[in-house]
Amino acid sequence: MRPFNFEKVNSAPEALALKSAKSNYIAGGTNLVDLMKKNIAQPETLIDVTTAISNTVENKNTVITIGAMASNNKVATDKTILNKFPLISKSILTGASPQIRNMASSAGNLLQRTRCPYFYDITTPCNKRTPNSGCSAIEGGNRMSAIAGYNDQCVAVHPSDFCISLVALDATVTAVTAEQKEITIPFKDFHKLPDSTPWLDNNLPANAIITKIDVAENKFNKNFSYVKVRDRSSYAFALVSVAAALDLDGKRINDVRLASGGVAHKPWRWYDAEEFLKGKRATEDNFVEAAKLATKDLKPLSENAYKIPMLQGAIVTALKDCLNQ
């Protein structure tokens, strides 16, 4: 690992004053330290922000506010989250290990990098690691890669489970920019597709610091499910995942949310399938049709066509699970 300086700050302005292109913020370090060990990230300075940003989880005026430094475990076990936003808890608890969830911050979860094997193999081309070097996965081992929203620049997928529930529940991310301006980004727009800049994972302005995540109260706390299909039952990233939630009037669907991980460069909402289900009866036949609609335009790579029937099954299973809460 390259030697680095370490600075501990006590406020967001202090952190912003130290931040540059050659430094990184660090909180739990559960992803960044790995990247530094592999010489993928080589900051000259680490800025410890663990005491600079809130780590609380607060429910005010029908909105839950998650401090950027709240650990994943703190969020998943918070009583208000469990009562009013249980989909968030369920998604977090499928990810990583208890030890990592105790260390990992909420903001760090949003900013974690892909686990595409070529991103971590510094002997191979990877546009996400080294801009304009090429994508090794698109013609290589792409079993875990994207089936939606990718291009010839990058086929990596976003790794988080937490983020899948946040995009399903229309969360927002608040940050402070280098110019000390507070900005709010809808969660659906926080992460980005590869486009022509696959080395960027999100639309956060350079050097900005995340301060909180907000989620408005909703009617998705009774009928919800998070289905994660993976190679082993713990400490593995999703082959596909589905966050599903229903707002029901008897057997009729008033509103629905469907989102997935393991399928694209960003947390992915199935908007067409959601529109199809609104107003319909909550039946398996309608769930099957929604799954077909969600997957009809997907384009698998050479080794991951298996993800399409797997995803269809996961969508139907998640929606059926919503009825069994």
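The values are calculated or read from the model by the stated rules, or taken from the named source; none is laboratory data. Only a predicted model underlies this, so the values are computations on that prediction, with no experimental measurement involved. Positions of Cβ are generated from backbone atoms using ideal geometry, with glycine treated the same way; all protein chains shown enter the neighbour counts. Keep in mind that these areas ignore ligands, DNA and RNA; they rest on the heavy atoms of the full protein, side chains included. Shrake-Rupley method; radii C 1.70, N 1.55, O 1.52, S 1.80 Å.
Things to note:
- Flag set for residue 188, criterion: open to solvent by 50 Å² or more (accessible area, probe 1.4 Å), of a type in the set (D, E, K, R), touching a residue at least 40 places away in the same chain (Cβ under 8 Å) and in a helix (DSSP H, G or I).
- Any hit, segment 227-234, residues being of a type in the set (S, T, N, Q), modelled with pLDDT under 95 and at negative phi: yes
- One residue stands out among those in segment 106-118 that are surrounded by 24 or more Cβ atoms within 10 Å (Cβ to Cβ) and more than 13 Å from the chain's Cα centre (by Cα): the one that is nearest to residue 240 (Cα to Cα), which is 116.
- Yes/no for residue 204 being more than 24 Å from residue 97 (Cα to Cα), crowded, with 17+ Cβ neighbours inside 10 Å and either out of contact with any helix residue (DSSP H, G or I) (no Cβ under 6 Å at 6 or more places or on another chain) or at pLDDT 95 or above (or both): yes
- Set 306, 235: member being among the aromatic types (Phe, Trp, Tyr) and within 20 Å of residue 96 (Cβ to Cβ): 235
- Segment 44-56: number of residues that are surrounded by fewer than 22 Cβ atoms within 10 Å (Cβ to Cβ) and touching a Gly at 6+ places or on another chain (Cβ under 7 Å): 3
- Of all residues in segment 64-95, those that are in contact (Cβ under 8 Å) with a residue 24 or more places away in the chain and open to solvent by 40 Å² or more (accessible area, probe 1.4 Å) total 4.
Residue-wise test of (1) in contact (Cβ under 8 Å) with a residue 60 or more places away in the chain; (2) not in a helix (DSSP H, G or I).
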| residue | (1), (2) |
| --- | --- |
| 28 | yes, yes |
| 34 | no, no |
| 42 | no, yes |
| 47 | no, yes |
| 53 | yes, yes |
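- For segment 1-24, filtered to residues that are open to solvent by less than 50 Å² (accessible area, probe 1.4 Å) and not hydrophobic (A, V, I, L, M, F, W, C), the residue that is farthest from residue 176 (Cα to Cα) is 23.
- Residue that is farthest from residue 212 (Cα to Cα), among those in segment 152-181 that are surrounded by fewer than 16 Cβ atoms within 10 Å (Cβ to Cβ) and of a type in the set (S, T, N, Q): 180
- Sole exception among (1) over 30 Å from residue 223 (Cβ atoms); (2) open to solvent by less than 60 Å² (accessible area, probe 1.4 Å); (3) β-branched (Val, Ile, Thr) for residue 130, by number: (2)
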